[in-house]
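The values are calculated or read from the model by the stated rules, or taken from the named source; none is laboratory data. In this text, all values refer to a predicted model and were calculated from it rather than measured experimentally. Quick note on the areas: whole protein, heavy atoms, side chains included, nothing else; ligands and nucleic acids left out. Shrake-Rupley method; radii C 1.70, N 1.55, O 1.52, S 1.80 Å.
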Amino acid sequence: MAKKPESASPAGKVRLLVRTTAAHGDAPRYRAGLGPFRREPVEVEATPEQAESLKADPALAVAEVGA
């Protein structure tokens, strides 16, 4: 049986790039049990529920990896 590539996300997880928006300033931000997020983008694996929470936060800029 072939192994999954290490870059593959676990089932049900999505890979996101998350950073704070300029309006939030330089303070770290935590959301959905993830973080800290700052001005530099950070790649995270999140459940669909966590992803929705991150995307709904106006202080965060969120993009799907590979989208």
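Restricted to region 9-43, and to residues that are part of a helix (DSSP H, G or I) and open to solvent by 70 Å² or more (accessible area, probe 1.4 Å), which residue is farthest from P58 (Cα to Cα)?
Here the residue is A22.
Looking at region 44-60, which of the residues that are in a helix (DSSP H, G or I) and charged (D, E, K, R) is most open to solvent (accessible area, probe 1.4 Å)?
Among those residues, the one meeting the criterion is E49.
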